[in-house]
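The values are calculated or read from the model by the stated rules, or taken from the named source; none is laboratory data. Everything numeric in this text was worked out from a predicted model, so none of it was measured. Methodologically, a virtual Cβ is constructed for each residue, glycine included, from the backbone with ideal geometry; neighbour enumeration extends over all protein chains shown.
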Amino acid sequence: MATVMLREEGDQIYFYIAKKDMEETIKTIEFNTPQKWGGEVLLSNDQTWWIEPGVKKLPKEAVCKKLSD
């Protein structure tokens, strides 16, 4: 698990982990509506992470789980 900062600029959503100095964009997301946003996400570096689904309110800090490299 990692603390992640999520922010949106235009049509891109950025996924940033400060401890690893890693910033990637989200390529795909499982749930992408204003009321249910999150789930399994695929990053631009092909890693898969889990974001707890909830209301889309960015920027925000979230605890996310890495599913695969």
Inset, instruction - Being at pLDDT 95 or above and not in a strand (DSSP E or B) narrows it down to one of L58, L67, so name that one. - result: L58
Legend entry - Tally, over segment 1-43, of residues that are in contact (Cβ under 8 Å) with a residue 24 or more places away in the chain, assigned to a strand (DSSP E or B) and hydrophobic (A, V, I, L, M, F, W, C): 8
Inset, instruction - Sort through E52, E9 and tell me the only one that's in contact with a Gly (Cβ under 9 Å, 6 or more places away or on another chain), of a type in the set (D, E) and exposed (fewer than 12 other Cβ atoms within 10 Å of the Cβ). - result: E52
Inset, instruction - Please find, within segment 55-68, the residue that is surrounded by the most Cβ atoms within 10 Å (Cβ to Cβ) out of those that are under 17 Å from T3 (Cα atoms) and not basic (K, R). - result: C64
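Would you check if G38 is at positive phi and touching a Gly at 6+ places or on another chain (Cβ under 7 Å)?
yes
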